[in-house]
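In what follows, a structure is listed as structure tokens, so that the remarks can point back to it.
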Amino acid sequence: MTVLTKICGLSEPDSLRAAVTGGARYVGFVFYPPSPRAVAPALAADLARLVPTGIRSVGLFVDPDDEFLEHVVGQVPLDLIQLHGKETPRRVAEIKARYGMPVMKAIKIGGPEDLAAALEAAETADRLLFDAKPPAKVTALPGGNGIAFDWTLLAGRRWPKPWMLSGGLTSENVAEAVRVTGATEIDVSSGVEDRPGHKDPALVRAFLEAAARL
């Protein structure tokens, strides 16, 4: 089985090159200022221009307004918009129509009751991404917290849209995560960092090598 990998939160040429040469099929840029992985649109534009044909550039946003989206999308050559906030299906549809670009909606999973949101999101989103919901009363970012959810919640499930697994993945646990969930696409951010917001090229390569063995 071929498992496609997304390296998210890239902000430097060295880690981007490690992702590209290591076999990533998606590279992600975070446009959410509170995140340590946030990248300025001008820098993201420079990085995105280094991405070869066949690898998709993804822009991650959290409840963005039209002005901010316009500011970013007008500068950065993106292939896919990832929405990681509380965006409604209607908002997803608006963004798709406005930019003529596919949208991936993140679904935060803490328990089985959260799975219904995936079916609702799939009404308008082109793709789904399953991520871990941070524990209650814990201050956390919308994503990239290094937290995994109960993968068995996805075991044997089918979804109406393509989907990607995220949340606490590392080169050590990715094989088990894929075995349990049946994921064919995976997303990693904090699992390839040596400190918050800084991708380690060696860890990027190790993760991609582990994914290539699946």
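If contacts are Cα pairs under 8 angstrom and at least 6 residues apart, what is the relative contact order of the chain in percent?
After rounding, I find 23 percent.
For labels at ALA116 and LEU43 in the simple 7 Å Cα→Cβ model, what's the distance in nm?
4.2 nm
Give the percent of DSSP beta bridges with both residues in the chain that are antiparallel, rounded to the nearest 5.
DSSP beta bridges in the chain are roughly 5 percent antiparallel.
Given (1) 17.5; (2) 17.0; (3) 18.3, which label gives Kirkwood radius over Cα pairs in Å as computed from the coordinates?
(2)
Charges only on Cβ, +1 for Lys and Arg, -1 for Asp and Glu: so what's the dipole of the chain about the Cα centre, in debye to the nearest 20?
In debye, rounded to 20, the chain gives about 400.
Between ILE186 and residues 5 or more places away or on another chain, which pairs have amide H atoms under 5 Å apart, with H built 1.01 Å from N, and which residues are they?
Answer set, sorted by chain and number: LEU4, THR5, LYS6, LEU165.
Over what distance in Å are the Cα centres of region 103-136 and region 177-214 separated?
Value for the Cα centre distance between the two parts: 20 Å.
Set the bar at 21 Å for Cα to Cα. Now go through LYS96/LYS199; LYS96/LYS161; LYS86/LYS161; LYS108/LYS199; LYS6/LYS161; LYS161/LYS199 and name every pair that lies beyond it.
Listed pairs above 21 Å: LYS96/LYS199; LYS108/LYS199; LYS161/LYS199.
Which GluC sites (Glu not before Pro) in region 1-97 pass both tests, a DSSP loop state and at most 16 other beta-carbon atoms within 10 Å?
Passing both the DSSP loop test and the Cβ count: no residue.
What net charge do the residues around GLY9 carry, taking every other residue with its C-beta under 11 Å from that of GLY9, with Lys and Arg at +1 and Asp and Glu at -1?
Local net charge: 0.
Given contacts defined as C-alpha pairs under 8 Å and at least six residues apart, what's the relative contact order of region 1-70, whole-number percent?
Answer for region 1-70 is 32 percent.
With an 8 Å cut-off on Cα pairs and a minimum separation of 6 or more residues, tell me the relative contact order of region 68-141 in percent.
After rounding, I find 29 percent.
FYI, it's all coordinate maths here, none of it is from the lab. Quantities reported herein were computed from a predicted structural model and do not represent experimental measurements. Cβ: placed from backbone, ideal geometry, glycine included. Neighbour counts: every protein chain shown.
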